[in-house]
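Asks: Structure provided below as C-alpha cells; questions to follow.
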C-alpha cells in the first residue's frame, strides 16, 4: 500500500511541486485547494498521467470543520496517514506596519498559523503511537521572513511564519516519542505566483541580486527539500528549520 500524504495548498507553487515530487516517489497524495479547483485538478491529472496516484479536495484550513472533514476522509478511505505538508498560506499586499489593520492581521494568522495548528492536531491523532498510529513525518512550510522580519512589506506574514517555526520545534519535542518527526522548510526568494498576488510581481527580479547564489529559487527546488524531510533519508532529523534560500 502506498504511503498516504496530505499536501495543503497543493494547487500551485510550492504545494503543487511538492505533490508532484511526492507522487513520483510513490506517495498517494491528497492535495487540498481553497480557490483553485481547476488548477488542483490539473496537478492531479499530471500525477496520474505520470503513473502516480492523487486526489484533490476542497479544504479551507482556517475552518475547523473543513479540516476535520479532510482527516475523516483520509481515515475512512485509507485508515492511516504517513505524511503531512502544511503549505497552504497567503501573502498579504505589501504594506508598512502602520497600514496593517486587525482584520488583515487576523486573516493572515487564521490561514498561515491556525491552519497548520488544526492540521497538525488532526495529524498527530492518526500518526501518534499513543493513538495506535505508526508514526510519520510533518513538514511545515515557513519562510525566511520569519527571521528577516519583512519590514515595510508584510510584518504580519513574517510573524505568522514565526509562529509556524515555534509550532514545529514544540511538536518535534512532544511527539518524537510517538515516532513523529516534525520539520520545516524556510523558503527564501522563490519564483512563484505568490508575489504577484501580493501586488509586487517584480519583487523576485528586483531582489535576486541580493541572493548569494545570484538567482531566485524555484518551487521544485523547495519541493525537493520537503520530500527529503518527509523521507526515511532524514530519519534522524526532527525540529529542523531548513533554509532553502540560496544563502539569503
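Asks: If you take the residues in region 22-37 that are surrounded by fewer than 24 Cβ atoms within 10 Å (Cβ to Cβ) and in contact (Cβ under 8 Å) with a residue 40 or more places away in the chain, which one is nearest to the chain's Cα centre (by Cα)?
Replies: 34
Asks: Now a separate question. Regarding residue 40, is this residue in a helix (DSSP H, G or I), in contact with a strand residue (DSSP E or B) (Cβ under 6 Å, 6 or more places away or on another chain) and buried (at least 22 other Cβ atoms within 10 Å of the Cβ)?
Replies: The answer is yes for residue 40.
Asks: Ok, one more. Could you please let me know if residue 241 is under 21 Å from residue 8 (Cβ atoms), touching a residue at least 24 places away in the same chain (Cβ under 8 Å) and out of contact with any helix residue (DSSP H, G or I) (no Cβ under 9 Å at 6 or more places or on another chain)?
Replies: No: the conditions fail for residue 241.
Asks: Give me a count of the residues in region 128-141 that are more than 27 Å from residue 12 (Cβ to Cβ) and either modelled with pLDDT under 95 or buried (at least 17 other Cβ atoms within 10 Å of the Cβ) (or both).
Replies: Number of matching residues: 2.
Asks: A further question follows. Could you check how many residues of region 171-212 are modelled with pLDDT of 95 or more and surrounded by fewer than 13 Cβ atoms within 10 Å (Cβ to Cβ)?
Replies: Qualifying residue count, region 171-212: 2.
Asks: Within region 129-146, take every residue that is in a loop (DSSP other than H, G, I, E, B) and touching a residue at least 24 places away in the same chain (Cβ under 8 Å) and give me the one that is nearest to residue 19 (Cα to Cα).
Replies: Applying the filter and picking the extreme gives 142.
Asks: If you go through region 57-89 one residue at a time, how many are within 19 Å of residue 226 (Cα to Cα) and in contact with a strand residue (DSSP E or B) (Cβ under 6 Å, 6 or more places away or on another chain)?
Replies: Total meeting the criteria: 7.
Asks: Using the structure shown, decide if residue 54 is assigned to a strand (DSSP E or B), at pLDDT 95 or above, in contact with a strand residue (DSSP E or B) (Cβ under 7 Å, 6 or more places away or on another chain) and closer than 17 Å to residue 82 by Cα.
Replies: Yes: the conditions hold for residue 54.
Asks: Something else: Does region 30-37 contain at least one residue that is modelled with pLDDT of 95 or more, touching a helix residue (DSSP H, G or I) at 6+ places or on another chain (Cβ under 7 Å) and either part of a helix (DSSP H, G or I) or farther than 30 Å from residue 105 by Cα (or both)?
Replies: no
Asks: Out of region 218-236, which residues are over 16 Å from the mean Cα position of the chain (by Cα), in contact (Cβ under 8 Å) with a residue 40 or more places away in the chain and surrounded by fewer than 15 Cβ atoms within 10 Å (Cβ to Cβ)?
Replies: 235, the sole residue that qualifies.
Asks: Search region 83-115 for residues being assigned to a loop (DSSP other than H, G, I, E, B) and within 21 Å of the chain's Cα centre (by Cα), and hand back the single one that is surrounded by the fewest Cβ atoms within 10 Å (Cβ to Cβ).
Replies: 93
Asks: Continuing with the same structure: Limited to region 61-74, what total is found for residues that are within 17 Å of residue 127 (Cα to Cα), surrounded by 15 or more Cβ atoms within 10 Å (Cβ to Cβ) and out of contact with any helix residue (DSSP H, G or I) (no Cβ under 6 Å at 6 or more places or on another chain)?
Replies: 3
The values are calculated or read from the model by the stated rules, or taken from the named source; none is laboratory data. All values derive from a computational prediction rather than experimental measurement. Note that each Cβ is placed from the backbone with ideal geometry, even for glycine, and that neighbours are counted across all protein chains shown.
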